[in-house]
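Novice: Before anything else, here's the structure in question.
The values are calculated or read from the model by the stated rules, or taken from the named source; none is laboratory data. Because the structure is predicted, anything quoted here is derived from the model rather than measured. Cβ placement follows ideal geometry from the backbone for every residue including glycine, while neighbour counts extend to all protein chains displayed.
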Amino acid sequence: MSKIVKYDELDTNIMLDIFLNSTDECIVIINRHGFIEVLSKAYAEFLQVDRDEVIGKHVTDVIENTRMHIVLETGVSEIADTQVIRGQNMIASRIPIIRAGEVLGALGRVLFKNVSDLKKLYQRISNNEKEFGLYKSTFSDFYRAKYSLDDIITSNPEMQRLKDMVKQVARTNSSVLLQGESGTGKELFAHAVHQASPRANGPFVSVNCGAIPSELLESELFGYEPGAFTGASKKGKIGLLKVADHGTVFLDEIGELPIHLQVKILRFLQEREIKKIGSNTVETVDVRIIAATNRNLTEMMKEGSFRSDLFYRLSVVLLTIPPLRDRREDIVVLTNFLIGKICQRERLTGYCITNTAMRSLQKYDWPGNVRELENILESAINFVADDKLICLETLPIRISGVKKTESQNDRTIFREIPDLKTSLEAYERQLIMDVLDKCGNNKTKAAKILGISRTNLYEKIDKLDIYS
């Protein structure tokens, strides 16, 4: 048994000697009395001393301006301290060796043999930080909230109450569920919650759960490792939940989320952890979730198409945004605001609306809400006469009720006959709007009736600027 122990000790000594002879690290170890026990070959060469001769000597007799003996006395480490040796500024660290509260010795290590080496390293780090800062700035510009509470234009008491609630709930990290018909401004409220929160300087990542095919949505949200599945990038992909770390994720159209992904989102809300596809490691992510839907989640829970536990996790704060027909006083203020917004975007001036046209807008029920109102006004601006007045003739017949080109209160406007492409797009737009209306805005059902994929339907909705 004793032979084995002796062999182990010999093996350890051989290994230590190999290390000290081969490493380019400048290392010294002294005992409790300040005498050198270990000195690396690199350090001996730098000091221009014979290693075998100096081992056993006091450290102050070998290393110029050393403080190793002081570390022995104080028992306090000195990290990255400046030391002059042979006329050169060194960067060295000195660490006491302590066992059972007793200082048994000290270890010294030269980090940089010349301060100029440190300056070069610092310059490289500084350049890298500048590049990272530029990337981070570009990244932040892409994933940031565009709207604030000031962008929610209203004179309605209920809407003002909701804006006040946003100021309150923004201070916490609780999940928020926004309910309301399409076009009521749910996305504006999501942006506003983020902008009013302590996370305002963090990322704001918006994900449309209905627009991304279900088979791709998981990889978009959670990311994947290189080669995790057929067609996966060799570099892998960071998920949007990770992208939004220390920020907010807005899950729009949460009602379109497939059941298997509802389970993963629920787990994320509970644990605040994500695992990439193809990975065995778990990452903690600090993200606030804001979700929105225009569907009746209560009915979906009864049908079994939406998990009740996920609903309760998402609806810690539940905000229901009223439709435009229930806040008709907003039609006037929104119309004037939107005309100004459209004119500014298109670099137009002097456009306004007649009283007759405004009254027609106020009588209409606006199934597409504010989004439909903006689309109607933008369309009307394209057909105004030289007087720049939006009148009945510039509004769709479903709003104006005017079938002829001349009305008693508004100026006659002669429109050019549209080309075939414009006519076909108008027909396609109206057909999609009618089908969506009959399906209760259920995109899956509408796509099936129209004979197209849901992804294709979303592309047409975006292309034709349909309120959905």
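Novice: Mind checking which residues of the stretch 361-380 are without any contact (Cβ under 8 Å) to a residue 60 or more places away in the chain, more than 18 Å from Ile153 (Cβ to Cβ) and surrounded by fewer than 20 Cβ atoms within 10 Å (Cβ to Cβ)?
Specialist: Hits for the stretch 361-380 are Lys363, Asp365, Ser379.
Novice: Residue by residue through the stretch 427-468, note down the ones that are touching a residue at least 12 places away in the same chain (Cβ under 8 Å) and aliphatic (A, V, I, L, M).
Specialist: Of everything in the stretch 427-468, those that are touching a residue at least 12 places away in the same chain (Cβ under 8 Å) and aliphatic (A, V, I, L, M) turn out to be Leu431, Ile432, Met433, Val435, Leu436, Ala446, Ile449, Leu450, Leu457, Ile461, Leu464, Ile466.
Novice: Within the stretch 199-232, restricting attention to residues that are modelled with pLDDT of 90 or more and among the aliphatic types (A, V, I, L, M), which residue is nearest to Ala292 (Cα to Cα)?
Specialist: Taking the candidates together, the pick is Val207.
Novice: If you don't mind, another one. Being among the hydroxyl-bearing types (Ser, Thr, Tyr), within 17 Å of Thr60 (Cα to Cα) and either outside any strand (DSSP E or B) or more than 41 Å from the chain's Cα centre (by Cα) (or both) is the filter here, so list the residues in the stretch 75-93 that pass it.
Specialist: Once the filter is applied, which keeps residues that are among the hydroxyl-bearing types (Ser, Thr, Tyr), within 17 Å of Thr60 (Cα to Cα) and either outside any strand (DSSP E or B) or more than 41 Å from the chain's Cα centre (by Cα) (or both), the stretch 75-93 yields only Thr82.
Novice: Shifting gears a bit: Looking at the stretch 64-87, which of the residues that are in contact (Cβ under 8 Å) with a residue 24 or more places away in the chain and closer than 16 Å to Val49 by Cβ is surrounded by the most Cβ atoms within 10 Å (Cβ to Cβ)?
Specialist: The qualifying residue surrounded by the most Cβ atoms within 10 Å (Cβ to Cβ) is Met68.
Novice: Quick one: how many residues across the stretch 151-199 are over 26 Å from Lys443 (Cβ atoms) and in a strand (DSSP E or B)?
Specialist: Total meeting the criteria: 0.
Novice: Quick check on this structure: which one of Val287, Val316 is surrounded by fewer than 18 Cβ atoms within 10 Å (Cβ to Cβ) and among the aliphatic types (A, V, I, L, M)?
Specialist: The match here is Val316.
Novice: Let me ask you something else. Considering (1) buried (at least 16 other Cβ atoms within 10 Å of the Cβ); (2) under 16 Å from the mean Cα position of the chain (by Cα), say which one Thr184 fails and leave the rest.
Specialist: All conditions are met except number (2).
Novice: Now a separate question. Filter the stretch 141-150 down to the residues that are surrounded by 12 or more Cβ atoms within 10 Å (Cβ to Cβ) and assigned to a helix (DSSP H, G or I) and list them by number.
Specialist: Leu149
Novice: Among the residues in the stretch 298-313, are any surrounded by fewer than 19 Cβ atoms within 10 Å (Cβ to Cβ), without any contact (Cβ under 8 Å) to a residue 12 or more places away in the chain and within 23 Å of Val193 (Cα to Cα)?
Specialist: Yes, the stretch 298-313 has at least one match.
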